[in-house]
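The values are calculated or read from the model by the stated rules, or taken from the named source; none is laboratory data. Being a predicted model, the structure only gives us computed values, none of them experimental. Positions of Cβ are backbone-derived with ideal geometry, glycine not excepted, and every protein chain shown enters the neighbour counts. Ligands, DNA and RNA are excluded from the accessible area calculation, which covers all protein heavy atoms including side chains. Shrake-Rupley method; radii C 1.70, N 1.55, O 1.52, S 1.80 Å.
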Amino acid sequence: MRWDGDLRYVALGDSQTEGVGDGDESAGYRGYADRFAEHMVAAGARVEYANLAVRGRLAGQVHAEQLEPALRLRPDVATVFAGVNDLIRPGYDPDAVIGHLETMFAELTGAGAKVATLTFPDITKIAPLTRPLLPRVLDFNDRVRAAAARHDVAVADCFRHAISTDRRLWAPDRLHCSSEGHRRIAGAVAHAMELPGADISWADPLPPLPTPATVTRLYDEVTWLGSFLGPWVARRIRGRSSGDGRVAKRPELIPLVP
């Protein structure tokens, strides 16, 4: 694919694609999709960019709400990343989730778009209390790789690189990436898409940190449980979502100024 012409890029997904963790409510969110669009500009493209992602969306909602608007924008490039909000719920159905993702892969590539997706990192190394979810993550990633291969979708395989579980790449809630994490994901997508100038340096390790004392680790886990996991569970019980009432931050193609 040529990266030095006029290109339309559309991002589909949930909070990671929206950019939560890279910015704030007052200044707005940036995120890996914004940063990947900037990689495209740096590679020589004249980019029009739309971001249809909304936090809290399940894979079926991304499919139902974002695929048709994305196709109407006639993208040359698209990213599709969803499923984590499904995977952490008790009623997770891997066949349904991967079915939604594969349909989006098929429709977008069938319309002529070059598509990229991601694998999940080993979340047990980010939040040890999520250890029971590891078999789901491993299975999900295998299914995503297989579905992507069937439709010539590029995979930024974050799971295979240790940097993806460095706590410095994650926001305090351990559900969303930090600014550094979003920067690394953008580099991973650029590398997977074979953009000129992109390489594997996105996976380079950060300088090591001192190993925290056991009591410090325990305190961190208890704090996370009360500050982030508890409120998340409470929203699920009430049938609420962090995305209630929200719309896409960039629903139309807008030129990205170099």
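Out of the residues in segment 155-166 that are of a type outside the set (S, T, Y) and crowded, with 17+ Cβ neighbours inside 10 Å, which is nearest to V115 (Cα to Cα)?
The residue in question is V155.
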Segment 245-258 residues that are under 10 Å from R55 (Cα atoms), paired with ones that are modelled with pLDDT under 95 (beta carbon under 9 Å, 6 or more apart) | R246/R55; R246/G56
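Restricting to segment 4-20, and then to whatever is in contact with a His (Cβ under 9 Å, 6 or more places away or on another chain) and not in a helix (DSSP H, G or I), can you tell me which residue is nearest to Y32 (Cα to Cα)?
So, considering only residues that are in contact with a His (Cβ under 9 Å, 6 or more places away or on another chain) and not in a helix (DSSP H, G or I), the one nearest to Y32 (Cα to Cα) is G19.
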Residues of segment 82-101 being assigned to a helix (DSSP H, G or I), under 15 Å from N141 (Cβ atoms) and touching a helix residue (DSSP H, G or I) at 6+ places or on another chain (Cβ under 7 Å), in sequence order, are D86, L87, P94, V97, I98, L101
Looking at (1) at pLDDT 85 or above; (2) assigned to a helix (DSSP H, G or I); (3) surrounded by 11 or more Cβ atoms within 10 Å (Cβ to Cβ), can you tell me which one E252 breaks?
-> (2)
Quickly run through segment 93-122 and pick out the residues that are within 15 Å of D14 (Cβ to Cβ) and open to solvent by 30 Å² or more (accessible area, probe 1.4 Å).
-> H100
For segment 21-37, what are the residues that are surrounded by fewer than 17 Cβ atoms within 10 Å (Cβ to Cβ) and not in a loop (DSSP other than H, G, I, E, B)?
-> G23, D24, G28
Looking at segment 187-194, is at least one residue in contact with a Leu (Cβ under 6 Å, 6 or more places away or on another chain), at pLDDT 95 or above, closer than 30 Å to D6 by Cα and open to solvent by less than 50 Å² (accessible area, probe 1.4 Å)?
-> no
Would a scan of segment 67-77 turn up a residue that is open to solvent by 20 Å² or more (accessible area, probe 1.4 Å), within 16 Å of N141 (Cα to Cα), in contact (Cβ under 8 Å) with a residue 12 or more places away in the chain and outside any helix (DSSP H, G or I)?
-> no
May I ask you to verify whether E221 is of a type in the set (D, E, K, R) and at pLDDT below 95?
-> yes
Selected residue (only one of V47, V41, V84, V62 is touching a residue at least 40 places away in the same chain (Cβ under 8 Å) and open to solvent by 40 Å² or more (accessible area, probe 1.4 Å)) | V84
